[in-house]
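Just below is one structure, and these are the notes that go with it.
Each value in this text was obtained by applying a stated rule to the coordinates, not by laboratory testing. Please read all numbers here as calculations on a predicted model, not as lab measurements. When we count neighbours, we look across all protein chains shown, and the Cβ atoms used for this are built from the backbone with ideal geometry, even at glycine.
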Amino acid sequence: MDAPVVERARGRRWVGLLVVGVLALLAALALPLLRESRARLRARGLPEFGALPTFRLMDQTGRPFSDADLRGAVVVADFMFTRCPTVCPLLTAKMARLQRQAREAGLAVRFVSFSVDPRYDTPERLAAYADTRHLDTSNWALLTGELEDVETTVLEGFRVMMGREADAGEDDFLSIFHGEHFVLVDTEGRIRGYYRVVDDSDGLESLQRDLEALVHAAD
Amino acid sequence: MSLPSSRPPRGIAWLRSCVGWCLGASSLAVVLTLGVAMLSAVKLVLSEVSWLPADTSWVSSPLPLHGQLPRFELQDADGAPFGTRQLRGRAYVLQLPGDEPPSGSHAIVTRLSSVERRLEAERLPLRFVVVTRQPLDVVSTSSPASWKVLAEDVAWGVKVLALLREGVPARSGEGGSSLMRSTLLVDQAGGLRGVYDLTSSTRAVDALVADARQVFESGPVPALAGLPMAHPHVLGVGCVGERGRH
């Protein structure tokens with residue numbers, strides 16, 4: 001075979017390799033775009049239930065914590081109290097599971113738990129509650145404050161139930177009732193979903209999907 | 001004399017051949033991977049099933065939220081303040097004052113009593129609050145003891161009228177006096193969930209009872225995901241324990 005023919009064959013081989021490389025690069029770039037567009041579509045389809053309420057409360061360290069601390073982040077909120085003997089430990093366990101899964105998936109999500117028994121749940125008691133249950137408080141705040149402020153935030157802001165049976169004493173913690181939902185808030189501070197996560201419902205799975213979509217849509 | 005060969009040394013040729021084979025194999029792998037990826041993408045696009053993950057199923061509360069009732073703190077017959085602060089966490093029926101003479105308010109009291117009896121029969125403990133411009137002692141005497149009778153505050157009435165005009169389009173064409181004799185259904189979070197004219201017909205009483213039942217069961221949450229399949233309504237009031245809800 002003469003030299004020009006060999007050179008042409010070599011040239012074609014390199015062009016082929018270049019084409020394959022470019023295609024591989026395009027595919028590598030397209031896959032995240034595909035994932036992002038899927039997330040955007042899914043996030044766009046989520047309903048809107050109003051704005052994250054403005055509030056000024058305290059976290060488990062006693063530091064002031066307000067709605068401003070959550071702006072720009074996808075947030076999952078729940079409502080509990082440390083003396084609750086029934087559903088709250090379950091809600092906290094589900095929240096911890098959700099936090100772990102979000103971390104493993106590399107999703108930047110903030111978690112907040114509002115105490116619906118704020119007169120009893122001091123920051124110290126919330127910190128002890130977090131400590132006993134080995135909660136990771138790096139992106140999970142447990143909030144308390146004045147009863148009036150908490151009620152305004154939870155009831156009028158999140159539209160989630162909280163209250164106490166009429167004429168119940170302060171020590172009668174079984175008289176406290178509250179909504180058992182997880183609430184999803186997007187990076188724009190809009191409430192995007194209420195999820196039932198107790199019993200065998202698929203609310204937790206729905207919440208996982210929707211929060212993943214909100215995080216990717218915000219990327 | 002022999003000419004120097006143009007062929008590369010044998011070792012280099014072997015190395016080139018190895019590199020060529022490796023590149024060829026890699027290219028083939030990349031092409032195959034791309035092919036599989038493209039096929040998957042085409043399959044997703046052409047699939048009749050949505051290429052998005054399954055949508056979240058929402059169960060919405062059938063009662064619309066007409067807005068947040070303006071906060072109030074009015075005085076009862078004893079001069080004690082009572083208002084939204086004391087009613088938080090509880091659904092209630094709120095009777096607005098209207099321009100009725102005492103005889104007209106008697107008709108409303110009769111209808112409201114009928115609503116209360118029916119709700120009690122269903123063990124639905126809603127509170128009843130009557131705002132009046134009549135003398136409080138007169139209205140309190142003619143009302144059941146369980147009701148809270150409060151004196152009207154004109155400024156608050158104006159805000160309520162604005163909410164009714166803005167939040168309840170179906171009744172926005174009605175005159176202020178007609179709207180201000182309305183009976184309101186307020187949820188546990190202070191949200192306005194229903195507006196009724198009990199003086200118009202007994203069907204308004206039926207509607208109020210049905211909606212009150214719904215609010216009691218659903219709570220203030222507007223919609224919920226994660227309910228069992230075909231669950232009929234939102235469960236928004238919270239957990240049920242040995243002592244009831246808590």
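Ignoring everything except DSSP H segments at least 4 long, calculate the 222 nm mean residue ellipticity for chain A; use -39,500 (n - 2.57) per segment, divide by total residues, nearest 500.
On the way: 5 runs with 91 residues, N = 219.
Only helices count here, giving -14000 deg cm²/dmol.
Just want the ordering: A:M95, A:M162, from fewest to most Cβ atoms lying within 10 Å of their own Cβ. If you can, show how the numbers build up before the last one.
On the way: A:M95 22, A:M162 27.
Placing the least packed residue first, the sequence is A:M95, A:M162.
Evaluate E = 1/(1 + (r/R0)^6) for B:S17 and A:E36, where r is the Cβ-Cβ distance and R0 equals 45 Å; express this FRET efficiency to the nearest 0.05. Display every interim value, and only then the final one.
Values: r = 43 Å, r/R0 = 0.96.
The formula returns an efficiency of 0.55 here.
Under Stokes-Einstein, with the Kirkwood radius over Cα pairs standing in for Rh, what whole-number D in µm²/s applies to the protein assembly as shown at 10 °C and 1.306 mPa s?
Numbers: Rh = 26.4 Å.
Here the translational diffusion coefficient equals 60 µm²/s.
To check you understand DSSP bridge types, tell me what percent of the beta bridges within the protein assembly as shown (both residues inside) are antiparallel, rounded to 5. Write down the numbers at each step before the final one.
Details: 34 of 54 bridges.
Around 65 percent of the beta bridges assigned by DSSP in the protein assembly as shown are antiparallel ones.
Placing +1 on the Cβ of each Lys and Arg and -1 on the Cβ of each Asp and Glu in the stretch A:109-219, which of A:V215, A:L142, A:Y195 has its Cα farthest towards the positive end of the resulting dipole?
A:V215
Which of A:G11, A:V76, A:A39 sits closest to the plus end of the dipole of chain A, meaning its Cα is farthest towards the positive end, when Lys and Arg get +1 and Asp and Glu get -1 on the C-beta?
Towards the positive end, the residue furthest out is A:G11.
Which net charge results for the neighbourhood of B:A77, defined as the other residues with beta-carbon distances under 10 angstrom from its beta-carbon, given Lys and Arg at +1 and Asp and Glu at -1? Could the numbers behind the result be given before it?
Numbers: positive: B:K148; negative: B:D76, B:D78, B:D137.
Taking every Cβ under 10 Å from that of B:A77, the sum is -2.
Summarise the partner chain shielding of B:215-223 as one whole number: the mean count of Cβ atoms from other chains within 10 Å of each residue's Cβ.
Working: counts 0, 0, 0, 1, 6, 7, 10, 6, 4.
Mean inter-chain Cβ contacts per residue within 10 Å come to 4.
Can you tell me the dipole magnitude for chain A around its Cα centre, using point charges on the Cβ only (Lys, Arg +1; Asp, Glu -1), in Debye to the nearest 20? Write out the running numbers ahead of the final one.
Values: 27 positive and 34 negative charges, 354 e Å.
Value, rounded to 20: 1700 debye.
Are there GluC sites (Glu not before Pro) in the stretch A:27-118 that DSSP puts in a loop and that have at most 14 other Cβ atoms within 10 Å, and which ones? Spell out each step's value before the answer.
Values: sites: A:E36, A:E48, A:E104; in loops: A:E48.
Answer by residue number: A:E48.
Looking at chain A, send over the antiparallel percent of its DSSP beta bridges, to the nearest 5. Mind dumping the intermediate values first?
Details: 16 of 27 bridges.
Percent antiparallel among DSSP bridges in chain A is about 60.
Looking at the stretch B:63-222, what % of its DSSP beta bridges pair antiparallel, to the nearest 5? Provide the component values of the computation, followed by the final result.
Details: 13 of 21 bridges.
Given both bridge residues lie in the stretch B:63-222, the antiparallel proportion sits at roughly 60 percent.
In debye to the nearest 20, how big a dipole does the stretch A:1-45 give about its Cα centre with +1 on each Lys and Arg Cβ and -1 on each Asp and Glu Cβ?
Details: 9 positive and 3 negative charges, 84 e Å.
I would put it at about 400 debye.
Treating the angle as unsigned and between 0 and 90°, give the value, to the nearest 10°, between the Cα long axis of helix A:87-104 and the longest Cα principal axis of chain A.
Long axis of A:87-104 versus the principal axis of chain A: about 20 degrees.
How shielded is A:161-168 by partner chains, expressed as the average number of their Cβ atoms within 10 Å of its Cβ atoms? Let's see the in-between values first.
Details: counts 13, 5, 10, 3, 6, 5, 0, 1.
Partner-chain Cβ atoms within 10 Å, mean over residues of A:161-168: 5.
Expected output is a single nm value to one decimal: the length gained when fully extending between B:D76 and B:L39, i.e. 0.36 nm times separation in residues minus the C-alpha distance. What is it?
On the way: separation 37, 0.36 × 37 = 13.32 nm, distance 7.40 nm.
Answer, rounded to one decimal: 5.9 nm.
Report relative contact order for chain A in percent, whole number only (criteria: Cα-Cα under 8 Å, sequence separation at least 6). Could you put the intermediate results ahead of the total?
Details: 328 pairs, mean separation 61.6, N = 219.
Normalised by residue count, the contact order of chain A is 28 percent.
Quick one: P(r) of the stretch A:72-219 from all Cα-Cα pairs, 10 Å bins, percents rounded to integers, in order of increasing distance.
11, 43, 35, 10, 1
Starting from the amide H of A:G193, placed 1.01 Å from N in the peptide plane, find each other amide H under 5 Å away whose residue is 5 or more places distant or on another chain.
Long-range HN contacts for A:G193: A:L184.
For the stretch A:1-71 and the stretch B:66-136, what is the separation of their C-alpha centers, rounded to whole Å?
56
How many Cβ atoms of partner chains, on average, are near each residue of A:170-181 if near means within 10 Å of its Cβ?
Working: counts 0, 0, 2, 1, 5, 4, 5, 12, 6, 11, 5, 9.
Average neighbour count from other chains, rounded to a whole number: 5.
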